[in-house]
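Working notes, beginning with the structure itself.
The values are calculated or read from the model by the stated rules, or taken from the named source; none is laboratory data. Source: prediction; values computed, not measured. Here the Cβ positions follow ideal geometry from the backbone for every residue, glycine too, while neighbour counts run over all protein chains shown. When the accessible area is computed, the model is the full protein with side chains, heavy atoms only, and any ligands, DNA or RNA have been set aside. Shrake-Rupley method; radii C 1.70, N 1.55, O 1.52, S 1.80 Å.
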Amino acid sequence: MDVAPGTFYLGGEIDPKSGERTDQAFLYDAPDLTTHGVIVGMTGSGKTGLGLGMMEEALLNGVATLMIDPKGDMGNLLLLFPELRPEDFRPWIDEAVATREGTTPEDLAAKTAASWKEGLAGWEISPERIAKVRDSAPMTIYTPGSNAGVAVNVLGSLDPPDLSWDTEAEVLRDEIEAYVSSLLTLAGVESDPVSGREHVLLANIIEAAWRGGRAIDLAGLLGQIAQPPFRKLGVFEVDAFYPEKDRTALAMKLNGLVASPSFAAWLEGTPLDIGSMLFPEGKPAAAVLYLAHLSDSERQFAVTLFLSKLVTWMRRQSGTSDLRALVYMDEMFGFCPPTAEPPSKKPILTLLKQARAFGVGFVASTQNPVDLDYKAMSNAGTWMIGRLQTERDKARILEGMTSAAGGVDIGTIDTLISGLDKRQFMMHKTGGKPPITFTTRWAMCFLAGPLTRDSVVKLMAGREPSSAPTPEPAPTPPTATAPTPEARAAPVDSPAAGETVPVAPDVAPSVRSAFLDPAATWAATVGARPGSTTLQPGVAATVHLRYDDATAGVDHQETYEAMLFPLGTTFDPETVHAVDHDPRDLRDEAPPGAGFAISDIPLDKASYFTDLSRRLADHLYRSRSVILFRNKGLKLYARVGETQEEFEARCREAAETAADAETAKLEEKYRTRIRSIQAQLSKAESRVRELEAEASSRNQQSLLTGAGELLGALLGGKMRSTSLSKIASQGRQASAAGARLQTAHDAMGQKAAEVEQLEMDLAEDLEAITAKWTEAAGQVEELEINLEKSDVSVDDLVLVWVPC
């Protein structure tokens, strides 16, 4: 059977009318699985054959596969016999079945080989295609909690993922939540991830380690329950939120779990690394997570950890529209139910919502649709429905498909599902395409039934995962007795730091000794490792500094605190770490089981600390200073601790005050002149109004007189010379009044122009004042105030033993 790349050959189409198989092969486009799929069918419907056929096709297409196998069926993928010889089948023949059928195992093996050969031929599947599947990728059965297959160390180490807390904090916290939820579930401790104090405490311990770039093992996690590497949880002190007595009880409960001999298997084997499982040496592989040997709580634990690690791995991949990896989960019962929140549910829903962007497909297989949460069902793009047990199951399926795909022809789908026979499925994909009924092809691998532990041992004998990371030694679990102080303070991952001795070396009598509390907020600054019992010496210094400058009016005194770590035989400025330490950071008692690093430092000599004090003071004298800001034009100096922005604001305020004072003087100067000219202008305006009235009166009188004389002459009278003289005199008077009025207008205009000029001069002077003080406000420069030798006084040195 020739199949194009990127296509899964899953079976043959069925004529919906006759119910018979047609000549049309049922082919499925591999990229469509990035929108995920759901396979639903009762026992005996053929789900296992369909799932294994899908995995075979994925491997042929170069797609890495992860199969979560609660029952043990998916390991059959490794039973690929291209030559189809009876002796290949013989090891996997159940002798009890042969006896029941009245035949020998050898005869039953021969019969099975012939049946498989005939079945494959009926689907045009050649031996070469079987061999191609077998050789396409390494296939490994992983058995967490057991060494039957390849054991997986799921608890031995919590290495911080290679993700940024700035951009992927949610993903990192989800992985921490999954680990803590699984561990508590395994221990029988119910604790809500949001409000449960057990969950909150453990999650914060792991996050503190990861943010510090440190791995933390299970022993270290338990050890830090009693003495967390922080003092507060939320707004409360740790002891108020979760008293030490109760924390010790939690440590003892978890200790009882990990001290159990049966639990040791969880700490053995290859580290849990999804990238190495799916892509050893960069090539796709098939990984079967065999869980049939585990209890329900242990299965929850394993599934949650694997899938949360898968999510973290996925988020590190580049985006793609192609199918990069396929996750197949057989028998979903209990892992993503609609009415509960087991730890496994969150990573499953995360995959269904986010995996598409990274080319990861998820296929869930279940007998009963009520086993699967509604949100999970609605995120599936492909539905393959086989025979169902009840009408209620069918109704649930139809409801989920309607939610996922929208306009579903319920009637048609209902009819198709009702007519299905064994190994027949109805496929519906979102996107409006009509449903297709098909029958599954013959599986290329031998379906031997659920593999037993012995079968897994037989299959994986002498095999290791290809190119898996070298297993690291599992940490020794705490004992099963009540946690001793030593157990509660178990080291996280103490590095080999040279030889140690159990007794602290002698220290000069004048110097106090103390032990760093790993919960100190600055512990990570000096490289402290919470929980470590290897102690190295450091010095906590308290120094008095005085910065004074008479010109700047500065007399600032400061307490400078620092840790000198690691110590050497001589002072090294590179070891000075400015930290704000307080008495709570320094304990009087050594942690249980402490070992003191051996060194050549003369801690018993007072002269060593005297020299250290002198050199520290000299170092601070030469390197410490206070940077202030000043404004020469305004004669202002910044205060110690005042920022440049604050000082500039103060300069602007001072400049505005000075500008206001100068403006007030200028306005007073101009005000007198303007008032004088305004008074003259007022008089000129009054004179103009007076002359305008006079001119108007004379012009009217002259007009009336002349008009009367002319009117008389026109009516037959005789115009006398006296009348003419009178008219002429009145004309002269009117003309003189007009001249005086014009002179008054000119005088008034002159005064108005003088007022306008004064106002313009005032505006220019005000702009000059503003520009001058604005420029002055911007003349800010730095001023460095250095220390004098007499300004540095080392008040206290404390020898501090630091866990590292």
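Among 110-121, 285-296, how do they line up from the highest to the lowest mean number of other beta-carbon atoms within 10 Å?
Values: 110-121: 16.0, 285-296: 22.4.
Taking the mean over residues of other Cβ atoms within 10 Å, the ranking is 285-296, 110-121.
Please give the residues of segment 185-216, grouped as numeric ranges, whose backbone N is less than 17 Å from a label point set 7 Å along the Cα-to-Cβ vector of Lys353.
Of the residues in segment 185-216, 193-194 have backbone N under 17 Å from the label point off Lys353.
Which of the trypsin sites (Lys or Arg not before Pro) found in segment 291-337 are in a DSSP loop and have at most 15 neighbouring Cβ atoms, other than their own, within 10 Å? Could you put the intermediate results ahead of the total?
Details: sites: Arg299, Lys309, Arg315, Arg316, Arg324; in loops: Arg316, Arg324.
Listed in order of number, the matching sites are Arg316.
Scan segment 127-233 for GluC sites (Glu not before Pro) in coil per DSSP, keeping those whose Cβ has at most 14 other Cβ atoms within 10 Å, and list them by number. List each step's numbers first, then the result.
Details: sites: Glu128, Glu168, Glu170, Glu175, Glu177, Glu190, Glu198, Glu207; in loops: Glu190.
Here the sparse-neighbourhood loop sites are Glu190.
Please list the non-local residues whose amide H lies under 5 Å from the amide H of Asn153, H modeled 1.01 Å from N, same-chain partners needing a gap of 5 or more.
Thr270, Leu272
Check cross-link reach from Lys346 to the aspartates and glutamates: straight Cα distance under 16 Å, and skip same-chain residues fewer than eight apart.
Glu170, Asp174, Glu175, Glu177, Asp192, Asp371, Asp373
Please report, as a whole percent, how much of the solvent-accessible surface of the chain comes from carbon and sulfur atoms (probe radius 1.4 Å).
Values: 18900 of 38070 Å².
Carbon and sulfur together cover 50 percent of it.
By its C-alpha gyration tensor, with a ≥ b ≥ c as the square roots of the eigenvalues, how is segment 183-237 shaped: rounded for a/c under 1.5, else prolate for a/b larger than b/c, else oblate?
Details: a/c = 1.77, a/b = 1.14, b/c = 1.55.
Oblate, since a/c reaches 1.5 and b/c is not below a/b.
Just how far, in whole angstrom, is segment 651-692 from segment 148-172 if you go by their alpha carbon centroids?
80
Under the 0.36 nm per residue contour assumption, what length would be gained going from the current alpha-carbon distance of Gln757 and Tyr374 to full extension?
Full-extension gain reported as 129.4 nm.
Past 27 Å, Cα to Cα, is the threshold; run Lys353/Lys433; Lys71/Lys345; Lys132/Lys353; Lys605/Lys789 against it and keep the listed order. Working shown, then result.
Numbers: Lys353/Lys433 22 Å; Lys71/Lys345 19 Å; Lys132/Lys353 33 Å; Lys605/Lys789 25 Å.
Going by Cα-Cα distance, Lys132/Lys353 fall outside the 27 Å limit.
Once you charge only the Cβ atoms, +1 for Lys and Arg and -1 for Asp and Glu, what is the size of the charge dipole of segment 143-230 about its Cα centre, to the nearest 20 debye?
Numbers: 4 positive and 13 negative charges, 68 e Å.
The dipole of segment 143-230 has a size of about 320 debye.
Which listed residue (His428, Thr542, Thr65) has the Cα farthest towards the positive end of the charge dipole for the chain, taking +1 on Lys and Arg C-beta and -1 on Asp and Glu C-beta about the Cα centre?
His428
What is the distance in Å between the Cα centroid of segment 554-633 and that of segment 337-375?
That distance is 55 Å.
Below 8 Å between Cα atoms, with a sequence gap of 6+, how large is the relative contact order for the chain in percent? Walk me through the intermediate numbers first.
On the way: 1439 pairs, mean separation 137.9, N = 804.
This gives 17 percent for the chain.
Using the crude model of +1 on Lys and Arg Cβ and -1 on Asp and Glu Cβ, and no other charge, please compute the dipole size for the chain relative to its Cα centre, in debye to 20. Spell out each step's value before the answer.
Numbers: 78 positive and 112 negative charges, 576 e Å.
Using Cβ point charges on Lys, Arg, Asp and Glu, the chain gives about 2760 debye.
Under 27 Å from the Cα of Lys751, which lysines turn up, not counting those fewer than eight places away in the same chain?
Counting by Cα, and skipping residues close in sequence, Lys751 has these lysines nearby: Lys665, Lys669, Lys683.
Of the listed values (1) 38; (2) 57; (3) 45, grab the one calculated as percent of Cα pairs over 42 Å apart from the structure here.
Among (1) 38; (2) 57; (3) 45, the one calculated here is (2).
Using Cα centres only, tell me the gap between segment 742-789 and segment 1-27 in whole Å.
93
PRE reach from Gln644 (point 7 Å along Cα→Cβ): which of segment 597-637 fall under 15 Å by backbone N?
627-631
Between Thr569 and Thr99, what length comes free when the chain is fully extended (0.36 nm per residue of separation minus the Cα-Cα distance, one decimal in nm)? Kindly include the intermediate steps, with their values, before the conclusion.
Working: separation 470, 0.36 × 470 = 169.20 nm, distance 8.23 nm.
The span from Thr569 to Thr99 would gain 161.0 nm if fully extended.
Could you report the chain's accessible area per residue, 1.4 Å probe, as an integer in Å²?
47
Relative contact order for segment 557-667: what is it in percent, counting Cα pairs under 8 Å that are at least 6 residues apart? Each step should come with its number before you reach the end.
Working: 57 pairs, mean separation 18.1, N = 111.
It rounds to 16 percent for segment 557-667.
Any idea what the dipole of segment 302-446 comes to, in debye rounded to 20, about its Cα centre with Lys/Arg Cβ at +1 and Asp/Glu Cβ at -1? Let's see the in-between values first.
Numbers: 18 positive and 12 negative charges, 109 e Å.
Result for segment 302-446 is approximately 520 debye, rounded to the nearest 20.
Put +1 on the Cβ of each Lys and Arg and -1 on the Cβ of each Asp and Glu in the chain; which of Leu84, Ala654, Leu163 then has its Cα farthest toward the positive end of the dipole?
After comparing all options, I get Ala654.
Please sort 617-630, 513-526 by packing, taking for each peptide the average over its residues of neighbouring beta carbons within 10 angstrom, highest first.
Working: 617-630: 16.6, 513-526: 19.4.
The most tightly packed comes first, giving 513-526, 617-630.
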